[in-house]
Protein chains: 2
Amino acid sequence: MAKTWKIEPTESLRATTDVSLRDIDTSATPGFDGDKKYGAQALAAGAEHLSELQEKLFADSRAAGGTKSVLLVLQAMDTAGKGGIVRHVVGAVDPQGIAHHAFKAPTEEELAHDFLWRIRNELPGVGMIGVFDRSHYEDVLVARVRSLVSADTIEKRYDQIVEFERELEAAGTTVIKVMLHISYDEQKARLAERLERPDKFWKYNPSDIDERNLWSDYQEAYETAIRRTSTETAPWFVVPADRKWYARVAVQRLVINALEGLDLDWPPADFDVATEKTRLAAS
Amino acid sequence: MAKTWKIEPTESLRATTDVSLRDIDTSATPGFDGDKKYGAQALAAGAEHLSELQEKLFADSRAAGGTKSVLLVLQAMDTAGKGGIVRHVVGAVDPQGIAHHAFKAPTEEELAHDFLWRIRNELPGVGMIGVFDRSHYEDVLVARVRSLVSADTIEKRYDQIVEFERELEAAGTTVIKVMLHISYDEQKARLAERLERPDKFWKYNPSDIDERNLWSDYQEAYETAIRRTSTETAPWFVVPADRKWYARVAVQRLVINALEGLDLDWPPADFDVATEKTRLAAS
């Protein structure tokens with residue numbers, strides 16, 4: 001693969017527990033040695049590599065005692081490009097190995113349970129790459145900004161989330177948490193495009209402006225959530241996302257790095273190869 | 001798109017209620033005007049077209065009263081290429097619009113319910129393309145060959161399936177049923193390859209030979225199932241699959257045709273565009 005990363009995103013984009021979102025340049029391309037053109041090349045090369053790694057993860061799950069899975073959590077303000085990540089990064093991988101779920105506003109039934117109940121129901125199985133488009137973090141983001149629950153409850157949820165993710169890690173799930181970070185102006189331009197193009201109308205909702213008008217509250221909620229839940233084993237990555245090409249290649253790299261960290265290899269045969277060859281020949 | 005189909009697969013591969021599987025040449029390429037090279041080109045061109053159609057299906061589901069979805073049912077003997085269809089045909093589409101499910105041997109809980117219970121639980125939502133790797137047809141295939149239930153029960157299931165699929169159609173789901181049809185010899189070659197390559201061992205299971213040894217029973221069970229459940233609205237397509245490239249481009253075309261038949265278009269704005277532009281400008 002092309003040597004396009006001077007500093008790996010696992011290092012350069014990793015959020016510290018005192019991260020300041022306003023101090024991050026949303027139009028920057030940290031660590032990447034190249035422009036949009038190189039970004040597209042790196043994305044294509046990475047797609048093949050990612051696809052191979054995914055197949056090994058899947059194969060690993062078939063071996064006795066396989067427990068490994070990956071969970072990519074995508075959080076962002078509207079228009080920041082979650083959909084593009086799914087289409088262009090996750091889309092390069094065999095659909096059989098992907099468990100994608102988009103979380104909407106909780107239903108009555110979901111609200112009747114603990115906030116992690118619906119999340120647990122959608123966790124990736126062994127061998128799978130789970131992708132959450134929104135997640136349990138909504139319960140400390142919109143829930144905080146809109147005061148859907150008490151401040152006390154929000155406080156407790158940060159700790160519950162840390163505990164929950166520790167549990168996932170212990171069970172074999174590598175958690176990658178990504179915030180796609182765009183600027184207020186970039187969001188305006190993207191919403192304007194949706195209002196110009198009839199093939200984009202369906203992506204627009206008047207409530208997008210209501211949320212936009214709470215921008216600084218959301219930024220504060222994100223910052224607090226990231227600070228409170230960034231851990232050694234389940235770190236947050238704040239990905240500058242004004243440049244879509246950068247966000248895609250960076251998230252792809254984060255997933256590749258996570259999979260490489262699992263030291264995957266093709267599982268050995270759990271049958272006698274010679275015996276099976278004989279059986280097949282006789283058939 | 002390239003003019004590669006002389007006769008559409010919707011016509012040439014559609015199974016009649018007196019279909020004879022042994023009379024179908026599994027290495028043929030019916031209706032396709034070209035060889036493997038053209039097949040690859042058609043697949044690439046079709047991928048873009050399919051991707052656009054899928055986005056329109058998804059968009060349509062956001063409009064008031066949207067009910068449309070598609071369900072691709074894949075059935076085949078081992079090694080026939082279900083996985084390749086998912087990877088190379090379905091994989092070209094945005095993962096957000098795909099609901100893929102691989103059905104395994106039923107669990108205790110599933111067996112405690114009607115055979116369609118677990119199927120209903122995995123039906124695609126509105127706007128989605130569902131993909132079933134195996135399906136309710138296993139309940140008249142392996143169930144018949146292995147005598148897992150009585151002959152009477154199997155008989156009833158054919159009618160229950162026809163009724164169930166009629167229900168799906170009425171609810172807005174276009175059902176496409178595909179049998180990937182390979183020869184006994186081709187299966188042998190593909191199993192042999194899995195036994196030669198350590199990166200393929202994980203795909204091999206000694207029970208594959210047990211099933212292979214019941215080949216003619218399975219062919220008969222497939223033939224009966226197809227005859228009994230091919231209907232006007234939920235027809236079976238028997239896709240010759242000894243040539244992987246042909247099977248892929250043919251199934252892709254079947255899905256494209258189904259989506260084109262839905263007359264999809266971008267839904268109109270359900271908000272006042274001018275008002276929203278003003279709100280955005282003021283934000």
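Only the coordinates and a few stated rules stand behind these numbers; no lab work does. Owing to the predicted nature of the structure, the values given are computational and were not obtained by experimental measurement. In this analysis, Cβ positions are derived from the backbone assuming ideal geometry, glycine residues included, and neighbour counts consider all displayed protein chains.
Specify the angular offset, from 0 to 90 degrees and rounded to the nearest 10, of the alpha carbon long axis of helix B:244-260 from the longest principal axis of the alpha carbons in chain B.
On a 0 to 90 degree scale, this one is about 40.
Kindly state, to the nearest 0.05, the FRET efficiency for B:E11 paired with B:A281, given R0 = 45 Å and r defined as their beta-carbon distance.
0.25
Apply the a/c threshold of 1.5 to the C-alpha gyration tensor of the range A:40-149 and tell me whether it is rounded, prolate or oblate.
It is oblate, given that a/c is not under 1.5 and a/b is not larger than b/c.
Could you give P(r) for the range A:80-145, binned at 5 Å from zero, as whole percent values over all Cα-Cα pairs?
Bin by bin from 0 Å, the calculated values are 3, 15, 24, 22, 17, 12, 5, 1.
Taking the Cβ of each residue in A:K68, A:K82 as the centre, tally the other Cβ atoms inside 10 Å and list the residues starting with the fewest.
A:K68, A:K82
Sorting A:H88, B:H100, A:H101 on the 10 Å Cβ count, fewest up front, what's the list?
A:H101, A:H88, B:H100
Counting DSSP beta bridges with both partners in the range B:9-263, what percentage is antiparallel, nearest 5?
5 percent
Using only the alpha-carbon atoms, how far is helix B:184-196 inclined from the longest principal axis of chain B? Give it as 0 to 90 degrees, nearest 10.
Tilt relative to chain B: about 80 degrees.
Taking the range B:219-283, which chymotrypsin sites (Phe, Trp or Tyr not before Pro) meet the DSSP loop condition and have no more than 10 other C-beta atoms within 10 Å?
Within the range B:219-283, no chymotrypsin sites (Phe, Trp or Tyr not before Pro) qualify (loop, at most 10 other Cβ atoms within 10 Å).
Per the Kirkwood definition applied to all pairs of different Cα atoms, how many angstroms is the hydrodynamic radius of the range B:9-263?
Radius from the Kirkwood sum: 18.8 Å.
In Å, what Kirkwood hydrodynamic radius results for the protein assembly as shown from the alpha-carbon pair distances?
25.6 Å
Enumerate the calculated ³J(HN,Hα) couplings along the range A:4-10 in order (Karplus 6.51 cos²θ - 1.76 cosθ + 1.60, θ = phi - 60°), each rounded to whole Hz, writing x wherever the residue is Gly or Pro.
Couplings: 9, 9, 7, 10, 5, x, 4 Hz.
Assuming R0 = 30 Å, can you tell me the calculated FRET efficiency for the pair A:E109 and B:T224, based on Cβ-Cβ distance, to the nearest 0.05?
My answer for the efficiency is 0.15.
With each pseudo-label sitting 7 Å past Cα toward Cβ, what's the B:D263-A:D23 distance in nm, one decimal?
If labels sit at B:D263 and A:D23, their model points lie 6.0 nm apart.
Non-local amide H neighbours of A:L72 (under 5 Å, H modeled in plane, Pro and chain starts lacking H): which ones?
Distant-sequence amide H within range of A:L72: A:G130, A:V131, A:F132, A:I176.
Can you bin every Cα-Cα distance in the range A:175-283 into 10 Å intervals starting at zero and give me the percent of pairs per bin, rounded to whole numbers?
Computed distribution, short to long bins: 11, 26, 25, 14, 9, 9, 6, 0.
Build a GNM of chain A with springs between Cα atoms under 10 Å: which of A:D33, A:D78, A:D270 gets the top mean-square fluctuation?
Of A:D33, A:D78, A:D270, the most mobile in the Gaussian network model is A:D270.
I need the phi-derived Karplus couplings for the range B:35-46: 6.51 cos²θ - 1.76 cosθ + 1.60, θ = phi - 60°, integer Hz, Gly and Pro marked x.
Rounded to whole hertz, the list is 9, 3, 5, 5, x, 5, 5, 5, 5, 5, 5, x.
Could you run the Karplus curve 6.51 cos²θ - 1.76 cosθ + 1.60 with θ = phi - 60° over the range A:234-239 and give me ³J(HN,Hα) per residue in whole Hz, x for Gly and Pro?
Couplings: 9, x, 8, 10, 9, 9 Hz.
Express the relative contact order of chain B as a whole percentage, based on alpha carbon pairs under 8 Å and six or more residues apart in sequence.
Here the relative contact order equals 33 percent.
Grab the DSSP H runs of chain B that are 4 residues or longer, score each as -39,500 (n - 2.57), total them, divide by all residues and round the 222 nm result to the nearest 500 deg cm²/dmol.
It comes out at -14000 deg cm²/dmol, rounded to the nearest 500.
Normalised by the empirical 2.2 N^0.38 Å for globular proteins, what value does the Cα Rg of the range B:169-224 take?
Dividing the Cα Rg of the range B:169-224 by 2.2 N^0.38 Å gives 1.53.
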